[in-house]
Amino acid sequence: MNANASHLEAPPEMSPEVRALHRRMLWRRRLSRGFTYFVGILLAVWILAPIYFIFSMAFTTPETVRSYPKGVLPFIPFSLETMRFFLSSYGIVPGIVNSVVVAVITLVLSTIISAPAGYAVSRYLFKGRNAFRLSILAVRAFPILILAIPLAVMFINLNIYDNVFSLALMHTALALPLTVLVMSSVFASVPYELEEAAMVFGCTRAQAFVRVVVPLVLPGVAAAAIFTFVMSWNEVFAATILTVRNRTLPAQVFFTLNSSSEPYQFAGAFAMVVPALIFIFLIRRYLFNMWGQVSK
Amino acid sequence: MNEDSTPSNSLGRRRRRDWTPYLLILPTVLYLLLFFAWPMFRGLGLAIWNPEALLALRAEATQDSAIAGKLPQGAEVEILERQGNLIPPEEQEEAANLLTEIWFKIKSQDAEGREVIGWVPDRRIRVREKDEEERPLAGTVRPKLGAKADPLTSVYAEPNERSEVVGRLESRVRVDIVEQAVLEVWFLVRGQNKAGETVQGWAQSRYIQVFGDEESGRVDRGNAGQLTAEYIQKMTQDRFFKPALYATLILTLLIIPVQLVLAIVMALVVQARLKGNTIFLYIFAIPLAISDLAAGIIWYAIFTQHGFLNSILQGLGFIDAPITYLSVDTRYWIFIAIWLAEVWRATSLVMIIVVSGLQAISEEVLEAAEVFGASLWERVRYIILPLLRPSLQVALILRTIFALQLFAVVVALSGGDVVTTLANETFRQYSLLRNPHVAASYASFILLLSVGIAFLYLRTIRTQQELEQS
């Protein structure tokens, strides 16, 4: 802050009027800076406070959760009892396992399918490239909700309804447009000259890809995969439609919502939020690659 | 995509076409065709096509006889006659709800000692011996009960009662079972079609639901499809349709403008080059990873009667007893809670789009404006907003389409009854009322609404640009 303001520091030989003007500008700048900080902190509190509330409810005793008026964590007893109660409830542990299985299948499938497409879009100029990109964007914007019902009917006819694999097939369809866009921006961030150089030194195109491009894009691909995982982990609508007995965690919590106690619900919300928070922290540097893409 | 298979430039030099990129995008294209385009097409179909609308009646009790008339699904019918017929082997797997008869081909001797070989319905035979696979091998003829009953059992040349009688057996005679056949019952039914004409003909039992008196029934399902407005009517006449539509539209209108403003403010804070602005960015982006269900529960924890809002208000001394927010009588509070939860959860997506739009605006332009004395508001109004228009357009379309699909937040905060949305009705029709067709109507309605709104946005924004250019 001082470094920035230093050029505004008035030299001592200036006239009093100019010095006053300088002081006013300095104040204005400090004021607007302070105001920006104020707004930023306000917004940060607005985002963080509800998360803190739910954390403090998940890590206390069920009795405290039911008490009124409620306090938050430093003032109420810390306990793992609520979480333990939630995790031992019917269908929760299988739900978590199902959620993880679905999310892992989804990320593997969508990475395998989208990586070549992303590479093609970033490296080749071909007829229909723009049409492909545009239709991917359009698919991304379409309401995904309409897919769930016909897919459910289709899966029932094919006898693969109520199955984590068929849910993963649907989640892959949801994730694919975004992963293709992210993959293309990840590949585009590796200069083609590197590949060319490798080929000049005697690599084939495939070798250049494996030895030069793959190591460079791996972090970005991992970020895209993590984001796919989070998307699948969070998805509620299709999971409630496509599963009956093999429910994922959100579907299980959703179906017991009206018949469950508050400690259960709050611990459930916490359980759903935590992995998402960890993953978003891991991929924070790639956020713009993912969503910034959409606007271009 | 490969409409021109002979690409050649103006010099006439032929270039070999490189198929690699097409091979690379092929999996994506195929996958999206199979799991995106096709289900979407099917979804629209489910909403307007009833695959079982009409039942074709046959003149004779066979599949290949002429069609005597058609009855709509649900028509009441009289059952005039019944008979068993062999089920074609290709239909055996798929048929459901059918009434069957089993017939045995038997070998035995009649009272005069003549050998009789022919078909008898299984209700006339008591099976005495079976092989390891539970196939009947031998049995005895059941005695007929009742004073007026014919004491002898007829044996037919073919497995149906209209064929020639080849012999008659006394009761309790031992028979060898050579073969068995499964027959489906056919009914001769009479009912009225949509035009009010009386139609009579044969239909398989799988299509007819028989009432207890065995003489009347209804057409359970048809074997021919028909376009129908039935499901859409059912949707629009559903008592939750209008509340759901209004709630969805009101919430969309409430959520989107606030989100855009808030996202621009967040983006300006992030771009203000303060110390720690990356921390602000990460904090603002956190809700991106939070599911709508979790967000709904989190805000439920705040708004429930013994929740945080009441706790804070009471702690500050504003109220003496907890206020009930989320109840039928205070529906507006549910709307406010859903609105806050959605603004809280989904603004980060808009923020990210706006920030990456802002990064594309050159620093010099903004600095020049500042040097010439433009206030923050003037810079936002005359430089940032016009340059952000493409990003805002995308954010607007994406957010509106997502807002039309509001689901888990609403259920978490209202229980899914008091305030309901179109997406929630889709779920309810499918999962609770077991009506996939009406559910597909709701989903198609959301799709058309989204496409219409996106089209409207694109049009208005384009017209503005054209106006500016002219």
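Confirm whether B:Ala75 is in the same structural domain as B:Val185 (by TED's automatic domain parsing), over 31 Å from the mean Cα position of the chain (by Cα) and modelled with pLDDT under 85. Answer is no for this residue.
Kindly establish whether B:Val380 is of a type outside the set (Gly, Ala, Ser) and over 42 Å from the mean Cα position of the chain (by Cα). For B:Val380, the condition - of a type outside the set (Gly, Ala, Ser) and over 42 Å from the mean Cα position of the chain (by Cα) - is met. Across the stretch A:63-106, the qualifying residues are those that are surrounded by fewer than 17 Cβ atoms within 10 Å (Cβ to Cβ), more than 14 Å from chain B (Cβ to nearest Cβ) and among the hydroxyl-bearing types (Ser, Thr, Tyr), and the one among them that is farthest from A:Trp233 (Cα to Cα) is A:Ser79. Which residues, counting only those in the stretch B:385-420, are touching a residue at least 60 places away in the same chain (Cβ under 8 Å), facing another protein chain (nearest Cβ under 7 Å) and among the β-branched types (Val, Ile, Thr)? Listed by number, the residues that qualify are B:Ile397, B:Val411. Within the group B:Ser470, B:Ser444, B:Ser431, which residue is within 21 Å of A:Ala238 (Cβ to Cβ) and modelled with pLDDT under 90? Matching residue, one of B:Ser470, B:Ser444, B:Ser431: B:Ser431. Residues satisfying the criterion are present in the stretch B:79-86 (criterion: touching a helix residue (DSSP H, G or I) at 6+ places or on another chain (Cβ under 9 Å), surrounded by 13 or more Cβ atoms within 10 Å (Cβ to Cβ) and modelled with pLDDT under 85).
When the helices (runs of 4 or more DSSP H) confined to the stretch B:356-470 are screened for residues that are buried (at least 21 other Cβ atoms within 10 Å of the Cβ) and among the polar types (S, T, N, Q), those reaching at least 1 such residues are found at B:385-403, B:408-414, B:422-427, B:436-469. With the structure loaded, tell me whether B:Ala229 is surrounded by 15 or more Cβ atoms within 10 Å (Cβ to Cβ) and modelled with pLDDT under 95 or whether it fails that test. Here the answer is no, as B:Ala229 does not meet what is asked.
The single condition among (1) buried (at least 23 other Cβ atoms within 10 Å of the Cβ); (2) at the interface with chain B (Cβ under 9 Å from one of its Cβ atoms); (3) basic (Lys, Arg) that A:Arg247 does not meet is (2). Number of residues in the stretch B:145-194 that are among the basic types (Lys, Arg) and either within 23 Å of B:Arg128 (Cα to Cα) or modelled with pLDDT of 85 or more (or both): the value is 4.
Checking each residue in the stretch B:141-181 for being part of a loop (DSSP other than H, G, I, E, B), of a type in the set (Asp, Glu) and touching a residue at least 60 places away in the same chain (Cβ under 8 Å) picks out B:Glu161, B:Glu170.
What residue, among those in the stretch A:111-165 that are farther than 18 Å from B:Leu30 by Cα and among the β-branched types (Val, Ile, Thr), is modelled with the lowest pLDDT? Going through the qualifying residues, I end up with A:Ile146. Kindly check whether there is at least one residue in the stretch B:287-304 that is assigned to a helix (DSSP H, G or I) and of a type in the set (S, T, N, Q). The answer is no, given that none of the residues of the stretch B:287-304 is assigned to a helix (DSSP H, G or I) and of a type in the set (S, T, N, Q).
Evaluation of A:Ala58 against the conditions (1) in contact (Cβ under 8 Å) with a residue 12 or more places away in the chain; (2) at the interface with chain B (Cβ under 8 Å from one of its Cβ atoms); (3) not hydroxyl-bearing (Ser, Thr, Tyr) shows that the sole unmet condition is (2). Across the stretch B:267-308, the number of residues qualifying as closer than 25 Å to B:Val410 by Cα and aliphatic (A, V, I, L, M) comes to 13.
The values are calculated or read from the model by the stated rules, or taken from the named source; none is laboratory data. These figures come from a predicted structure and were not determined experimentally. Every residue, glycine as well, gets a Cβ built from its backbone with ideal geometry; the counts of neighbours run over all protein chains shown.
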